[in-house]
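Enquirer: Attaching a single structure in structure tokens format; questions to follow.
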There are 2 protein chains.
Amino acid sequence: MKNHIPFPALGQSRAIVERVTPEIDGGRFAVKAIINELITVEADIIIDGHDHLAARLMYKHESEKEWSEVVMHSMGNDRWVGRFVASKQGFYAYTVEAWVDHIASWQHEVDLKVRDGQHLKVELMQGELFLKGMAKLAKGDDKKAIQEAAKIMANESRYNEAIQIAMSDQMHEWLTKYPERQSAYRYQELKLYVDREKAGFSAWYSLFPRSAAREVGKHGTFKDVEALLPRIAEMGFDVLYIPPIHPIGKTNRKGKNNTVNAEEGDSGVPYGIGSEEGGHTAIHSELGTLDDFKHLVQACLKFDIEIAMDLAIQCSPDHPWVKEHPDWFKILPDGSIKYAENPPKKYQDIYPVNFETEDWQNLWQELKSVIMTWAEWGVRIIRVDNPHTKSFCFWEWVIAEVKKDYPDMIFLAEAFTKPKVMQQLAKLGYTQSYTYYVWRTSKAEIIEYMTELTKGEMRHYFRPNFWPNTHDINPYMLQGGHEPLFLIRYFMAATLVGNYGIFGPSYEYLYHAPYPNKEEYAFSEKYEIKWWNWEHRNKLTYIISQVNRIRKENTAFRNTNNLDFCSIDNEQILAYLKTASDGNRILCVTSLDGYNRQGGLVKIPLWKIGKNEWESYRVHDLLTGATYIWKGDTNYVELDPQILPFHLFRIEDI
Amino acid sequence: MKNHIPFPALGQSRAIVERVTPEIDGGRFAVKAIINELITVEADIIIDGHDHLAARLMYKHESEKEWSEVVMHSMGNDRWVGRFVASKQGFYAYTVEAWVDHIASWQHEVDLKVRDGQHLKVELMQGELFLKGMAKLAKGDDKKAIQEAAKIMANESRYNEAIQIAMSDQMHEWLTKYPERQSAYRYQELKLYVDREKAGFSAWYSLFPRSAAREVGKHGTFKDVEALLPRIAEMGFDVLYIPPIHPIGKTNRKGKNNTVNAEEGDSGVPYGIGSEEGGHTAIHSELGTLDDFKHLVQACLKFDIEIAMDLAIQCSPDHPWVKEHPDWFKILPDGSIKYAENPPKKYQDIYPVNFETEDWQNLWQELKSVIMTWAEWGVRIIRVDNPHTKSFCFWEWVIAEVKKDYPDMIFLAEAFTKPKVMQQLAKLGYTQSYTYYVWRTSKAEIIEYMTELTKGEMRHYFRPNFWPNTHDINPYMLQGGHEPLFLIRYFMAATLVGNYGIFGPSYEYLYHAPYPNKEEYAFSEKYEIKWWNWEHRNKLTYIISQVNRIRKENTAFRNTNNLDFCSIDNEQILAYLKTASDGNRILCVTSLDGYNRQGGLVKIPLWKIGKNEWESYRVHDLLTGATYIWKGDTNYVELDPQILPFHLFRIEDI
């Protein structure tokens, strides 16, 4: 005889809960939500035999001790659903509990037998016992009413009344409110993390502060950036992202256009962080002082703008860490520190940090302290440069650590890499993520990508942030400088998802000179200072202002996953519906063709907008003010890229 | 300041292993396999940055202390694969381990730099260190060779040799064999359960022993069943399943055709188990003695047949448990025991066991002891009646308990119920499961169902057993008694999956009288004894013999999941390929039309049979002996249901 299998703890339990959604990797990671989001939880729930079952969705904010619960309902095929509103920021635990509902089974049995004309006796005795059990749980009027009902059950002379009670909706309400709950099966606890609203709805503008000067030839300063805030606010952006503002290393400094050796006067690359002036918590003196920076952070808030800083964990050879902690870098057998390489290319101006260092705990603490210092300066948004080249477990730890003290902190992952790596960063805690949007240009590509992002598992943890350009990416598609294409790529970024951004003023000024044969800018601001005519206004700045205003005014834009594509018989037109639970309904129709007029019949899923085939409704173009009366699901649209290559319709009842 | 997040145990680890397949419900249940099956394990594996990574599939039989491991290979898109043969019955643990492969990264870097014409120095110093590390792990000749290589790395005058070694396949072999394995990440341990071969490949014949008598009017006995073994063996079956053989209750006994009151002389329902003669471990005396039964079990083995007993956990009111353990049943408030009901129907002859009893542990032990007693009688296969009306956790426990002592034990779940309940029973340990095969009759239905069974997650735990009829199911489709349809439904059951069975001799004798408006037999053997002319032979018995012989002779039939449907331009013909790793290739082509000739062009996926478009091959109909020379992927077939509605081709090289 071999060892015995131990009895399970709950041997009398007959319910099984499985395949709970949302659930990421068996509960390993938290699902993400935005404050006040309605969370829908589904589960497969089965019991043996033919009894009824009852199920509750249980949830609890980290600040709470008691579980709250809501009744789950069957959707058929043993799938159950329940919903709750995540009304607080931070972590929630949630799970599903289920049990055999003997009282509901009894009620059903009574119903069938009464319909069959049977005279019941033992069933009413059973009913009396059930009611007495409920009475113990109930209070006040309910308790009295249930006790009275139990008496009627026990009184043979009140048979008809007893049967009425047994079959009543009241009885069903009681059994739902005061369930017997014997040998309930509880699923494992899952985690939900609730962020503030900006995590899911934000419009980013990015610029190099050193290019903010009005006067040609001058190094831009934080004060210059402050002077630009009215312009940025006018365009409607609410996040201002700035590349690193720390002292720039001198050893092996790069020159203009990423040439190997800087010439005298070259301003260097802000990503070559650290000099004798300091590292990640020091300020590049030409930009101003730390106080100037803090002043900028506060000035932004007056315009409802938040500063996003750039966390690039890498060092110039002059960074203080190189002297103080050479063991935080990779030491070669000859004692030198390994610089960044992509053989045969060498990046001698950059030392990557070695996350495999024996001293990893101190390294992590120091990196955390960088973020905590920025947080003390008032920063609540951080764009992380190439997070996929730093260890995953570090990010998981540091993001959780920082959010303990600063739950408002938003981390944007700038990882343009393989899908599973990008997913991992989002799962382990990144609030938002850059995406493949730049390289999804055809109708089929966009629909496929958006479906993956908004209908697949990623919708529970990966918040896309769409950028039609960045300071690293000058898309091939825009290198012709064709204004309608700039408009189209902007429009889709701003309307397909809740979070988006542009690198300006290159974008709105249609700057497009490419570095030869690369998807990069020539004379990139990464390697030199540029001077812009910040007073200039054009069609792009106008449309951006309008779109950002409309985004704020229409709740359908506050969500990314509320997207449904509409069929349209033209491969050059993309039509999509965004609907909000408050009734706001937006229909975007955009041409993908920047050169020719395109028309087609767009087909609206009427049930999504609450209309019948014979009903008329108004589509109101919020960009032009034009309105059209439409009827049924199929209507004609036509777009001229020289005028405006898209409609931004609000669907309105007549 | 809030509490800190603790540092992870492996802070220097940079690898992540995810989405391992097969894996059932996050590792909650064991994956199933058949002895000597090749197990393919895949995983998503990522690391940060651009280094190389290495991964191993680890596995260990429950009898072993040390892990075995095999190298995993990249399949692209961060998916990795490894394989091992499960050569022992019982449990295996398996998992995946991954780490940054610094040596492979170094080799790649050396390669790129050498191609770029760089002169290497620190890289060779690094190589020397790597080789010294390997030498510590290596033994014998390898150790010497690696030590020598390390010396060459260190010797500047042997630069060219050193470079050659660094870039060599030998170096790659060494780094694979003696990996550095720093800060490896190990995935959670998953379970695999390996069954004996019959779990995946069996042909069941079912009969009522009491109907086995040759002489009309006599109650069949185990001795009569023994006399039928040559006939059953001649038809090629290897499992003989018999409904319950225990004493039948007398209280409220059912009569013929399930009438409420038995008449004098009615033999009762074998599922009304238990009388004063005993319960689940006693033998219905009219069938013979316990010794007779044991003799039958042994006699079967001479014909390579195993007896499958029927476990129906329910009691007649006369069962000894009712007196000894009334608390194992549901006691109503009036003190009576609740009989089975499906209101308004009453089954007063059956008391279901109450798995919610406070005394559940003793109940479980008693039920286990029933199975253990049968096992002592020599029984190694059990068909379980309606397992879905007994508690899931009981089954999980009892199957594991019994298999500890009798690893050969096979449990077949007779649960014709909802998909998720059937899946749960298979997941928790049932070896085989009845299916919806009876109700999957059109081409689209069969392809959809087979795809679910053999390509979806169920393939890892749910072993289908296809029955074209059972003693409970007289399919509507066969109620016309049309021989070609009996042939077709038999043929598909026997060739689509590894495990199948028929209820005989009703099936082979085309018995089809329906109980009015039900998918059941009139004058069912469940309620009365039948006498058959067991000597009778017909087309069905001939084809069954042939198909079972061919199944045994062709290894492609020993697996269920090796199925691929072939496109054919006729909705009334189903064509499917089954291929084995030893080169055995079977093509089944069956008409679904029992009345008309049907023809069509069947298209073979040539890469599955290892042929090119221009190659000829022979298809050899193993049922008729006919051979045809085919070429390319598209060939014509024609089937006449009056002759034979199917081809069973072996594909042979010319």
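The values are calculated or read from the model by the stated rules, or taken from the named source; none is laboratory data. Note that the structure is a prediction, hence the values are computed from the model and not measured. In this analysis, Cβ positions are derived from the backbone assuming ideal geometry, glycine residues included, and neighbour counts consider all displayed protein chains. Heads up: the accessible areas ignore ligands, DNA and RNA and are worked out on the full protein's heavy atoms, side chains in. Shrake-Rupley method; radii C 1.70, N 1.55, O 1.52, S 1.80 Å.
Enquirer: Being at the interface with another protein chain (Cβ under 9 Å from one of its Cβ atoms) and in contact (Cβ under 8 Å) with a residue 24 or more places away in the chain narrows it down to one residue among B:85, B:71, B:100; which is it?
Expert: Numbers: B:85 fails: at the interface with another protein chain (Cβ under 9 Å from one of its Cβ atoms); B:71 fails: at the interface with another protein chain (Cβ under 9 Å from one of its Cβ atoms).
Matching residue, one of B:85, B:71, B:100: B:100.
Enquirer: While we're looking at this one, here's another question. Only residues that are open to solvent by less than 10 Å² (accessible area, probe 1.4 Å) and outside any helix (DSSP H, G or I): list them for segment B:480-501, please.
Expert: B:497, B:498, B:499, B:500, B:501
Enquirer: Determine which single condition residue B:358 fails, assuming it passes every other condition in (1) within 14 Å of another protein chain (Cβ to nearest Cβ); (2) outside any helix (DSSP H, G or I); (3) within 32 Å of the chain's Cα centre (by Cα).
Expert: All conditions pass for residue B:358, except number (3).
Enquirer: Do we find that residue B:352 is in a strand (DSSP E or B), out of contact with any Phe, Trp or Tyr (no Cβ under 7 Å at 6 or more places or on another chain) and of a type outside the set (A, V, I, L, M, F, W, C) in this structure? Lay out the reasoning, then the answer.
Expert: On the way: in a strand (DSSP E or B): yes; out of contact with any Phe, Trp or Tyr (no Cβ under 7 Å at 6 or more places or on another chain): yes; of a type outside the set (A, V, I, L, M, F, W, C): yes.
Taking the combined requirement at face value, the residue satisfies it.
Enquirer: Follow-up question, since we're still on this one. Take the residues in segment B:11-47 that are of a type in the set (A, V, I, L, M, F, W, C) and at the interface with another protein chain (Cβ under 7 Å from one of its Cβ atoms); name whichever of them is nearest to residue A:420 (Cα to Cα).
Expert: Here is the first cut: in segment B:11-47, the ones of a type in the set (A, V, I, L, M, F, W, C) are B:15-17, B:20, B:24, B:29-31, B:33-35, B:38-39, B:41, B:43, B:45-47.
Narrowing further to those that are at the interface with another protein chain (Cβ under 7 Å from one of its Cβ atoms): B:16, B:46.
Details: B:16: 10, B:46: 7 Å.
Looking at the filtered set, the residue picked out is B:46.
Enquirer: Which residue, of B:16, B:39, is surrounded by 20 or more Cβ atoms within 10 Å (Cβ to Cβ) and in contact (Cβ under 8 Å) with a residue 40 or more places away in the chain? Quick ask: steps written out before the conclusion?
Expert: On the way: B:39 fails: surrounded by 20 or more Cβ atoms within 10 Å (Cβ to Cβ).
Checking each option against the conditions leaves just B:16.
Enquirer: Mind telling me which of the residues A:196, A:181 ends up being in contact (Cβ under 8 Å) with a residue 24 or more places away in the chain and on the phi > 0 side of the Ramachandran plot?
Expert: After applying the criteria, what remains is A:181.
Enquirer: Among (1) outside any helix (DSSP H, G or I); (2) within 11 Å of another protein chain (Cβ to nearest Cβ); (3) open to solvent by 80 Å² or more (accessible area, probe 1.4 Å), which single condition is residue A:119 missing?
Expert: (2)
Enquirer: On the basis of being within 13 Å of chain B (Cβ to nearest Cβ), closer than 30 Å to residue A:146 by Cα and surrounded by fewer than 16 Cβ atoms within 10 Å (Cβ to Cβ), does residue A:50 make the cut?
Expert: Values: within 13 Å of chain B (Cβ to nearest Cβ): yes; closer than 30 Å to residue A:146 by Cα: yes; surrounded by fewer than 16 Cβ atoms within 10 Å (Cβ to Cβ): yes.
Judged against the criteria, residue A:50 is a match.
Enquirer: Of all residues in segment B:170-197, how many are in a helix (DSSP H, G or I), within 30 Å of residue B:498 (Cβ to Cβ) and touching a helix residue (DSSP H, G or I) at 6+ places or on another chain (Cβ under 6 Å)?
Expert: Here is the first cut: in segment B:170-197, the ones in a helix (DSSP H, G or I) are B:170-177, B:197.
With within 30 Å of residue B:498 (Cβ to Cβ) added as a condition, the list becomes B:197.
So of that shortlist, the ones also touching a helix residue (DSSP H, G or I) at 6+ places or on another chain (Cβ under 6 Å) come out as none.
Summing the residues that are in a helix (DSSP H, G or I), within 30 Å of residue B:498 (Cβ to Cβ) and touching a helix residue (DSSP H, G or I) at 6+ places or on another chain (Cβ under 6 Å) in segment B:170-197 gives 0.
Enquirer: Also, quick follow-up: Would you pick out the residues in segment B:464-479 that are under 19 Å from residue B:306 (Cα atoms) and in a loop (DSSP other than H, G, I, E, B)?
Expert: B:467
Enquirer: Using the structure shown, decide if residue B:105 is among the hydroxyl-bearing types (Ser, Thr, Tyr) and either in contact with a Pro (Cβ under 9 Å, 6 or more places away or on another chain) or over 28 Å from residue A:388 (Cβ atoms) (or both). Spell out how you get there, then give the answer.
Expert: Details: among the hydroxyl-bearing types (Ser, Thr, Tyr): yes; either in contact with a Pro (Cβ under 9 Å, 6 or more places away or on another chain) or over 28 Å from residue A:388 (Cβ atoms) (or both): no.
Spelling it out, it is not the case that residue B:105 is among the hydroxyl-bearing types (Ser, Thr, Tyr) and either in contact with a Pro (Cβ under 9 Å, 6 or more places away or on another chain) or over 28 Å from residue A:388 (Cβ atoms) (or both).
Enquirer: Being within 14 Å of chain A (Cβ to nearest Cβ) and surrounded by fewer than 16 Cβ atoms within 10 Å (Cβ to Cβ) is true for just one of B:188, B:170. Which residue is that? I'd like the intermediate steps shown before the answer.
Expert: Details: B:170 fails: within 14 Å of chain A (Cβ to nearest Cβ).
When all the criteria are applied, what remains is B:188.
Enquirer: Give me the pairs: first residue in segment A:148-167 and closer than 19 Å to residue A:135 by Cα and open to solvent by less than 60 Å² (accessible area, probe 1.4 Å), second residue of a type in the set (Lys, Arg) and at pLDDT 95 or above, beta-carbon distance under 7 Å, and six or more apart or on different chains, which are they?
Expert: A:150/A:132; A:152/A:158
Enquirer: I'd like to know if segment B:339-350 contains one or more residues that are more than 30 Å from residue B:203 (Cα to Cα), crowded, with 22+ Cβ neighbours inside 10 Å, touching a helix residue (DSSP H, G or I) at 6+ places or on another chain (Cβ under 8 Å) and more than 9 Å from chain A (Cβ to nearest Cβ).
Expert: Scanning segment B:339-350 turns up no residue that is more than 30 Å from residue B:203 (Cα to Cα), crowded, with 22+ Cβ neighbours inside 10 Å, touching a helix residue (DSSP H, G or I) at 6+ places or on another chain (Cβ under 8 Å) and more than 9 Å from chain A (Cβ to nearest Cβ).
Enquirer: Scan segment A:125-138 and give yes if some residue there is away from chain B (no Cβ under 14 Å) and open to solvent by 20 Å² or more (accessible area, probe 1.4 Å), otherwise no.
Expert: At the first step, the residues of segment A:125-138 found to be away from chain B (no Cβ under 14 Å) are A:134-138.
This time we only want the ones that are open to solvent by 20 Å² or more (accessible area, probe 1.4 Å), so: A:136-137.
Within segment A:125-138, one or more residues are away from chain B (no Cβ under 14 Å) and open to solvent by 20 Å² or more (accessible area, probe 1.4 Å).
Enquirer: Mind listing whichever residues of segment B:277-318 are open to solvent by 50 Å² or more (accessible area, probe 1.4 Å) and in contact with an Asp or Glu (Cβ under 6 Å, 6 or more places away or on another chain)? Walk me through it before giving the result.
Expert: To start, the set of residues in segment B:277-318 that are open to solvent by 50 Å² or more (accessible area, probe 1.4 Å) comprises B:277, B:281, B:285-286, B:289-291, B:294-295, B:298, B:301-304.
Result: B:304, single match.
Enquirer: Suppose we filter segment B:436-462 for residues that are within 12 Å of the chain's Cα centre (by Cα) and closer than 17 Å to residue B:386 by Cα; how many remain? Spell out how you get there, then give the answer.
Expert: Taking segment B:436-462 first, the residues within 12 Å of the chain's Cα centre (by Cα) are B:453-454, B:458-462.
Filter once more, so that each one left must be closer than 17 Å to residue B:386 by Cα: B:462.
Summing the residues that are within 12 Å of the chain's Cα centre (by Cα) and closer than 17 Å to residue B:386 by Cα in segment B:436-462 gives 1.
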